[in-house]
Amino acid sequence: MVSEENIILREEKRGLNEEGRALEDKFAEEHKKSTDEELFEAVRKRAEELGHIPTKEEFVGFVCLKARFGPWPRVLEKAGLKEPKEKSRKTRG
């Protein structure tokens, strides 16, 4: 059975060139036993290196993190780099 995580990884990698796929695969292999906090620390370290919050294109390993944590904005929130978006309260009527 194919897991949802594997489906996300496969779909996201389609948009990458061969070098990008190889880098994503390497990141995934190197971090398969990493804790959530270790992965968030990697995102924070990249932000420090860049001097700004990284975009998904500026972070090798985005595909792996998306499969594990969801969309890039959620990854940034969980890493403490972005304020959580407030859920809008829609009223029925």
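Here are a few things to note about the model shown:
- Here E12 passes the criteria (1) at pLDDT below 85; (2) open to solvent by 60 Å² or more (accessible area, probe 1.4 Å) except the one numbered (2).
- Residues of region 52-84 classified as farther than 22 Å from D25 by Cα and part of a helix (DSSP H, G or I), total: 2
- Residues that are within 11 Å of the chain's Cα centre (by Cα) and surrounded by 15 or more Cβ atoms within 10 Å (Cβ to Cβ) within region 29-59 comprise L39, F40, A42, V43, P54, K56, F59, listed in sequence order.
- Pairs, first of a type outside the set (K, R) in region 50-64, second open to solvent by 60 Å² or more (accessible area, probe 1.4 Å), C-beta under 6 Å, six or more apart: P54/R46; F59/R46; V60/L23; F62/K56
- Every condition in (1) touching an Asp or Glu at 6+ places or on another chain (Cβ under 8 Å); (2) part of a loop (DSSP other than H, G, I, E, B); (3) modelled with pLDDT of 95 or more holds for S34 except the one numbered (1).
The values are calculated or read from the model by the stated rules, or taken from the named source; none is laboratory data. Being a predicted model, the structure only gives us computed values, none of them experimental. Positions of Cβ are backbone-derived with ideal geometry, glycine not excepted, and every protein chain shown enters the neighbour counts. Please note that ligands, DNA and RNA were not included when accessible areas were found on the heavy atoms of the full protein model with its side chains. Shrake-Rupley method; radii C 1.70, N 1.55, O 1.52, S 1.80 Å.
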